[in-house]
Amino acid sequence: MTRPIIIDTDPGQDDAVAILLALASPELDVVGITAVAGNVPLPLTEKNARIICELAGRPDMKVFAGASRPMVRDLVTAEYVHGKTGLDGPDLPEPTMPLQDQHGVDFIIETCRRQKITLCALGPLTNVALALNRAPDIASNIEEIVIMGGGLFEGGNTTPAAEFNIYVDPHAADVVFRSGIPIVVMPLDLTHTALTSRARVEAFRAIGTGPAIATAELLDFFERFDVEKYGTEGGPLHDPNVIAYLLKPELYKGRHINLEVEISSELTMGMTVADWWGVTKRPANCTYMRYVDDAGFFDLLIERIGKL
Ligand code: RIB
Ligand code: CA
C-alpha cells in the first residue's frame, strides 16, 4: 500500500535531494509537486522542480506553480545560500517536461477533496495556508503535514529568532499550526545534526549514476555556506528529513507539544515558540522532532538515490 503525498517545495539543493529520495521510494505515491516562492523566485523554483524530476527519470510527474509571494510580507529569497539559479552545483539540462496549467493551490485543494493525502512542506507554507483558507473542508482529508521549518534550541538561521521557511511567510505558518491538522516538524534543532561530510558526499559520487553524481555536486555547493558559517565539517541537510520520516519514522524522536508562530514583533517575526518543556497550558498541536539517527538517515539517502 503506497502512501499518497504532495511535495510543496522551493528547490533549493536540499529540496532537490528530498524530491530525489521521494521519487526513488516505492512506498510513496508522489501525486504532484507544487512549487512555491522561497529560496529563489517562483519561475525558478517551478523550473528547478521540473529539472529534478527529469534527473530522476520522471518527466511524467505533475509539477505546478503555486504562490509567487508570501501571504502578507514581501518575498525574501536565499540566493546567498542556493546560488542564483537555486540549483547551483551540477550542470543540469533545461527541463523539457511541461509545467501544469493549473495553479498549485487549486491542485492541492482538488486533490485533498478527492483523496486522503500527506502534505510534505519543504519551503515557506504559503501554498498550504492559501489552500486551507480557501477550502477549510480539505483539512479532514489531510492525514499529516510534515514540515521542514522552525527551531528553538538552535535559534534561527535567517534572523537570530527565525528559520527561513517560517520567516519568509510567518502568517502562512500561523494558519497551518492553528489548523488542527496533525503536524510533524523537522526543525533546525534536528537538521543541524544531519550534517553532510566528505565521506557522505563522496559516497554519492562513488555510485557513479547521473542522479547520485548530481546529488554530490548539489551538496558540494549547498554545504559551503553553512560550513563557513558554523565552522563545521559539513552542512545541515534539512529537507530530505521530511521524506525520510515517512519512510523510516524510527529514525526520528520528538515530543507532542504546542508551537505558536510570532507574527507581530518585527524583532522575532517568524519565531517558532515551541513549548518543549510544557511550561504553558497551550494545547499540543504538533510533533516536534528533535533527534535523528543521522547515520541511518544518510544510509537511507545513499541506498535509495543509488537506485535511481
Ligand atoms: O532553513 C532551511 C530551509 O529553508 C530549507 O527548506 C531550505 O531549502 C530553505 O527553503
Ligand atoms: Ca526548502
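We did not get these values from a lab; they are worked out from the coordinates using the rules stated. Quick caveat: nothing in here was measured; it's all calculated off a predicted structure. Note that we place each Cβ from the backbone using ideal geometry, even for glycine, and neighbour counts take in every protein chain shown.
Applying the Karplus relation 6.51 cos²θ - 1.76 cosθ + 1.60 with θ = phi - 60° to segment 76-83 yields 3J(HN,Hα) values of 10, 10, 9, 4, 5, 9, 9, x Hz, where x marks Gly and Pro.
Just checking the listed ones, Ile52, Ile145, Ile181: in the Gaussian network model of the chain with Cα springs under 10 Å, the one fluctuating most is Ile181. Each Lys and Arg adds +1 at its Cβ and each Asp and Glu adds -1 at its Cβ; summed about the Cα centre, the chain shows a dipole of about 640 debye. Here's how it looks for Asp8: its modeled amide H is under 5 Å from those of Thr34, Cys120, Ala121, Leu122, which are all 5 or more places away or on a different chain.
Under the criterion of Cα pairs below 8 Å and six or more residues apart, the relative contact order for the chain equals 20 percent.
Projecting the alpha carbon convex hull of segment 217-308 along each direction and taking the average yields 8.4 nm². Applying a DSSP loop filter and a limit of 15 other Cβ atoms within 10 Å to the GluC sites (Glu not before Pro) in segment 244-277 leaves Glu266.
Close amide H pairs (under 5 Å, H built 1.01 Å from N) link Ala194 with Leu237, residues at least 5 positions away or on another chain. Taken over the alpha carbons of segment 145-272 as equal point scatterers, the Debye sum produces base-10 log I(q)/I(0) values at 0.09, 0.17, 0.19, 0.23 Å⁻¹ of -0.30, -0.94, -1.10, -1.35. Extension gain for the segment Glu94 to Glu110, taken as residue separation times 0.36 nm less the Cα-Cα distance, is 2.8 nm to one decimal. Each distinct pair of alpha carbons in segment 137-199 adds a 1/r term; the inverse of their mean, the Kirkwood radius, is 12.9 Å.
Of the trypsin sites (Lys or Arg not before Pro) in segment 55-90, the ones in a loop by DSSP (not H, G, I, E or B) with at most 12 other beta carbons within 10 Å are Lys84. Estimated from helical segments only, the mean residue ellipticity of the chain at 222 nm is -11000 deg cm²/dmol, where each DSSP H run of four or more residues counts as -39500 (n - 2.57).
Between Ala284 and Arg3, the contour length at 0.36 nm per residue exceeds the Cα-Cα span by 98.6 nm.
Backbone N atoms of segment 233-248 closer than 15 Å to the 7 Å Cα→Cβ label point of Tyr291 are not found in any residue. Scaling the Cα radius of gyration of segment 187-244 by the globular reference 2.2 N^0.38 Å produces a ratio of 1.10.
Normalising by residue count, segment 42-111 has a Cα convex hull of 101 Å³ per residue. Close amide H contacts of Asp29 (hydrogens built in the peptide plane, cut-off under 5 Å, sequence separation of 5 or more or a different chain): Arg3, Ile5.
Which pairs break 23 Å Cα to Cα here: Lys47/Lys84; Lys229/Lys253; Lys84/Lys229? Mind showing how you got there, number by number?
On the way: Lys47/Lys84 13 Å; Lys229/Lys253 27 Å; Lys84/Lys229 19 Å.
In this structure, Lys229/Lys253 lie more than 23 Å apart at Cα.
Phi angles across segment 293-307 convert, under the Karplus curve 6.51 cos²θ - 1.76 cosθ + 1.60 with θ = phi - 60°, into 3J(HN,Hα) values of 7, 5, 5, x, 4, 5, 4, 5, 4, 5, 4, 6, 5, x, 8 Hz, Gly and Pro given as x. Distance distribution P(r), segment 44-84, all Cα-Cα pairs, bin width 10 angstrom from 0: 24, 43, 28, 5 percent.
Working from the pairwise distances between different alpha carbons, so that the mean of 1/r is found and then inverted, what is segment 62-176's Kirkwood radius in Å? Before the final figure, lay out each step's value.
On the way: mean 1/r = 0.0640 Å⁻¹.
Taking every pair of different Cα atoms in segment 62-176, averaging 1/r and inverting gives 15.6 Å.
Computed over the chain with a Gaussian network model linking Cα atoms closer than 10 Å, the most mobile of Ile263, Ile166, Ile147 is Ile263.
The per residue volume of the convex hull around the alpha-carbon atoms of the chain is 118 Å³. Loop-located trypsin sites (Lys or Arg not before Pro) in segment 139-238 (DSSP state not H, G, I, E or B) with no more than 13 neighbouring Cβ atoms inside 10 Å: Arg178.
Normalised by the number of residues in segment 205-275, the average gap of Cα pairs under 8 Å and 6 or more apart makes the relative contact order 15 percent.
Give, rounded to the nearest 20 debye, the magnitude of the charge dipole that segment 87-188 has about its Cα centre when Lys and Arg contribute +1 at Cβ and Asp and Glu contribute -1 at Cβ.
Values: 5 positive and 13 negative charges, 94 e Å.
The calculated dipole for segment 87-188 is roughly 460 debye.
Across segment 262-267, computed HN-Hα scalar couplings (Karplus, 6.51 cos²θ - 1.76 cosθ + 1.60, θ = phi - 60°) run 6, 10, 10, 6, 5, 4 Hz from first to last residue, x flagging Gly and Pro.
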